[in-house]
Amino acid sequence: MTGSEALERFLHTDPGDVGCDEAMAVLHIFAELVAAGADTKPEYRGVAAHLRACGPCGDDFDGLLAAITNEHP
Amino acid sequence: MKSDPPLALGSFDSASEEWLKSLTGGEREEAVGRLHQLLVCAARREIHRRSTGVRVTGPELDDLAFQAAGDALVSVLAKLQQFRGESRFTTWAYKFVMFEVSTKLARHFWRRSDMPSQPVDWGRLADRFGIQPDEQSEGRDLLEALVRALDETLTDRQRQVFVAIVVNGVPLDALLEEMGGTRGAIYKMLFDARRKLRSALVDGGYLTPEHEGT
Ligand SMILES: [Zn+2]
């Protein structure tokens, strides 16, 4: 990837991106859907778009997914 | 604020129902202790998972994990009425751990780093995207156009957020500790900055749009 491609990819914004507040509100529901392999529901497309673009929400999501998939007994 | 309806036991999975019953019933103290332990474990694993960026080990890790779990527990207990059974109870509770770990690590960031001083090092921006700003090159034109667009199209706040996060590599939550407000508000400023910069660079012929839309 050239510098301009990398920059274009970073600057591109998804108009469906729901933002932090909405993503955080449903993070627990979305994490269980993803853990169950059922994350393709269209109503969560904007949440998925947000989690791809937002560093801290993406981190919270990755952590939550790790916590529920590697749960100790 | 909406008032919350009382907990409707019976609409949850059995483990979640068990948690709610014990956290609101006679064995509350024991259940709170059990939940706290679960949250401490989750916090410790999460800090460990994230500590590639900010190295946190030993007693410091334990300390942060206990603080994060303690604050998460307070939130969970205060918001118990808001649990709707849309996920397992523990998944919902772990979410608060993730938020608290983010907050604690953001504070921790400033114990190890200072806010980078002016002037802005634009070379870091070029490095960030692998732009080669050699003399007379396309990379140099692109970088100059980007710096110009930062000046001409962004508000002061948008520029401040973009420079801190993108150029200086300050994590968004750490910037939030400095600037105040909410994560969502800072994200929105960065989002708008990205959109405006891209539009300026596409219009100027410096970037080829790969995606439809904005
Ligand atoms: Zn976010």
Nonlocal Lys pairs with alpha-carbon distance under 24 Å, chain B (8 or more apart, or different chains): 11
Under the Debye formula (equal points on every Cα, no solvent term), log10 I(q)/I(0) of segment B:125-214 at q = 0.19 Å⁻¹: -0.91
Per chain A, cysteines lacking a partner by the 4.7 Å Cβ criterion: A:C20
Solvent-free Debye scattering, log10 I(q)/I(0), computed from the Cα coordinates of segment B:14-111 at q = 0.23 Å⁻¹: -1.12
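Per the Kirkwood definition applied to all pairs of different Cα atoms, how many angstroms is the hydrodynamic radius of chain A?
13.2
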Relative pair counts by distance (%), Cα atoms of chain B, 10 Å bins: 7, 24, 24, 20, 15, 7, 2, 0
Assigned charges on the beta-carbon of Lys, Arg, Asp, Glu; the protein assembly as shown dipole about Cα centre (debye): 460
Distance in nm between pseudo-label sites at B:E29 and B:D151 (7 Å out along the Cβ direction from Cα): 6.8
Dipole-positive endmost among B:W110, B:V147, B:W122 within segment B:105-188 (Cβ charges, Cα centre): B:W110
Helical mean residue ellipticity (222 nm; -39500 (n - 2.57) per DSSP H run of 4+; nearest 500) of chain B: -21500 deg cm²/dmol
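Please report the buried accessible area for the interface of A with B, total over both chains, probe 1.4 Å, in Å² to the nearest 100.
What A and B bury together is about 3600 Å².
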The protein assembly as shown: radius of gyration and largest Cα-Cα distance (Dmax), Å: 21.5, 76
DSSP H segments from chain A that extend 15 Å or more along their own axis, Cα-based, with Kyte-Doolittle mean of 0.0 or above: A:55-69
Value at 222 nm in deg cm²/dmol, rounded to 500, when DSSP H runs of n ≥ 4 in chain A each add -39,500 (n - 2.57): -19000 deg cm²/dmol
Chain B: most fluctuating residue of B:V76, B:V170, B:V202 per GNM, C-alpha cutoff 10 Å: B:V202
Relative contact order %, chain A, counting alpha carbon pairs below 8 Å whose residues are six or more apart: 36
Of B:V56, B:V40, B:V97, the one that fluctuates the most in a GNM where chain B has Cα springs shorter than 10 Å: B:V56
Dipole moment magnitude, nearest 20 debye, chain B about Cα centre, only Lys, Arg, Asp, Glu C-beta charged: 480
For chain A, built as a Gaussian network whose Cα springs stay under 10 Å, the top-fluctuating residue of A:A38, A:A49, A:A23: A:A38
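The values are calculated or read from the model by the stated rules, or taken from the named source; none is laboratory data. Source: prediction; values computed, not measured. With ideal geometry, Cβ positions are generated from the backbone for all residues, glycine too; neighbour counts draw on all protein chains shown. Surface accessibility is based on the protein's heavy atoms, side chains included, excluding ligands, DNA and RNA. Shrake-Rupley method; radii C 1.70, N 1.55, O 1.52, S 1.80 Å.
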